[in-house]
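Below is one structure; the comments refer to it alone.
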Amino acid sequence: MTSSPRIETTISAAPAPQATEGFAAGGVRTLLRLEGAAAFAAALALYGHSGFSWPAFALLFLTPDLSMLGYLADSRTGANSYNLVHTYIAAVALSLAGFFGGVPVAFAGGLIWIAHIGFDRALGYGLKYSTGFGDTHLGHLGRR
């Protein structure tokens, strides 16, 4: 009786880099960044197809980053405010409410918000840990 070959469950054959506990690494990190790029591209495509204003897009694209002002209080408040604004939950809900409710400004705003989150994730800016702005679920930002 022959045994079946072992199925490889990693994304790439290269070993994953040593990851600090709580940070994505290797192929998983790459997939999460590609997922962000896909969300960014989908939001851009829907925004353009809907005929919304590109100057408004440019003006509002960085608005979610105002949530970083929470870091002026402390790193826990900063991480909480950043994470609340940088998850897809509210952005998708706003987009769907705008689309199905016939409120174009809400639909457009939600798509801009989704595009922002996707762009951040594609660049490696993940959800924050309260240990500091540079500690994200996608790894540490900057030099250690």
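Since every read-out is calculated from the coordinates, none of them should be taken as a lab result. Owing to the predicted nature of the structure, the values given are computational and were not obtained by experimental measurement. Methodologically, a virtual Cβ is constructed for each residue, glycine included, from the backbone with ideal geometry; neighbour enumeration extends over all protein chains shown.
Projecting the Cα atoms of Ala73, Leu127, Ala42 onto the dipole axis of region 20-139, where Lys and Arg carry +1 and Asp and Glu carry -1 at the beta carbon, places Ala42 farthest toward the positive end. Residues whose amide H lies under 5 Å from that of Phe133, counting only those 5 or more places away or on a different chain, are absent; hydrogens are built 1.01 Å from N in the peptide plane. Please report, to two decimal places, log10 I(q)/I(0) for region 55-94 at q = 0.14, 0.20 Å⁻¹ as given by the Debye formula with identical point scatterers on the Cα atoms and no solvent. Treating every Cα as an identical point scatterer, log10 I(q)/I(0) equals -0.35, -0.64. Rg and Dmax of region 40-141, both derived from C-alpha coordinates alone, stand at 14.2, 42 Å. Summary of packing: across the peptides 114-124, 73-83, 41-51, the per-residue average of other C-beta atoms within 10 Å ranks them, highest first, as 114-124, 73-83, 41-51. Multiplying the residue separation of Leu96 and Leu84 by 0.36 nm and removing their Cα-Cα distance gives an extension gain of 2.5 nm.
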